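Notes follow the structure.
The values are calculated or read from the model by the stated rules, or taken from the named source; none is laboratory data. Here the structure is a predicted model, which is why all the values come from computation and not from measurement. Methodologically, a virtual Cβ is constructed for each residue, glycine included, from the backbone with ideal geometry; neighbour enumeration extends over all protein chains shown. Surface accessibility is based on the protein's heavy atoms, side chains included, excluding ligands, DNA and RNA. Shrake-Rupley method; radii C 1.70, N 1.55, O 1.52, S 1.80 Å.
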Amino acid sequence: MDATTLTWVIIGIIVVLLIIGLIIFLGRKRQQAHVQEKRREDHERANQIREEAHAKDLEAREREAHATRASAEAQQAEVDAERKRQEAEQRQADAQGLRRETDERARQADEIDPEVTDDRSHRDHNRGNDGEHRDHNRRDDTETRNDAEYRDDRVHSDGPDHRDDADPGRSGRH
């Protein structure tokens, strides 16, 4: 082996070593680029997941706010209903008081009126303990007054000078 051959062998070994080194260098560089790309993709995916989580959190808080608002509206409706119930009870009590007062005044009028017969016990029987009227076997005050006017008209019409059409205020009920 002469010196030129040896030089060529050494140059060949160096070239092969350089090629192997270049392949290793490029392989590592490509691997680092791949790792960098993977890290960048992971980072982007993590950011996307964070944004989705943030959006879900906002949606959850919005739903909680709606639920709280609905609960408050329901409580307000309950308060309003209770107020209306109390108002209705008060109006009912006022109406019953007015009914008792009216019944008492009618009773006083019956006591004063000399033409009222002693049917008060019958009328009192037709009332309940709470002062409400029971409609069975009861004649309306208007009917009672109409009957009295009818009797009064008959008394007046029996006379020779009386005519039903003489008084325009009378309707001629017989």
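Listed values, structure above:
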read-out	value
Some residue of the range 1-14 being of a type in the set (D, E, K, R), out of contact with any Lys or Arg (no Cβ under 8 Å at 6 or more places or on another chain) and surrounded by 10 or more Cβ atoms within 10 Å (Cβ to Cβ)	no
Residues within the range 17-38 that are open to solvent by 80 Å² or more (accessible area, probe 1.4 Å) and either touching an Asp or Glu at 6+ places or on another chain (Cβ under 9 Å) or aliphatic (A, V, I, L, M) (or both), tallied	8
Any hit, the range 74-81, residues being in contact (Cβ under 8 Å) with a residue 24 or more places away in the chain, part of a helix (DSSP H, G or I) and surrounded by 10 or more Cβ atoms within 10 Å (Cβ to Cβ)	no
Meets criteria (open to solvent by less than 80 Å² (accessible area, probe 1.4 Å) and free of Cβ contacts under 8 Å to residues at least 60 places away in the same chain) for D94	no
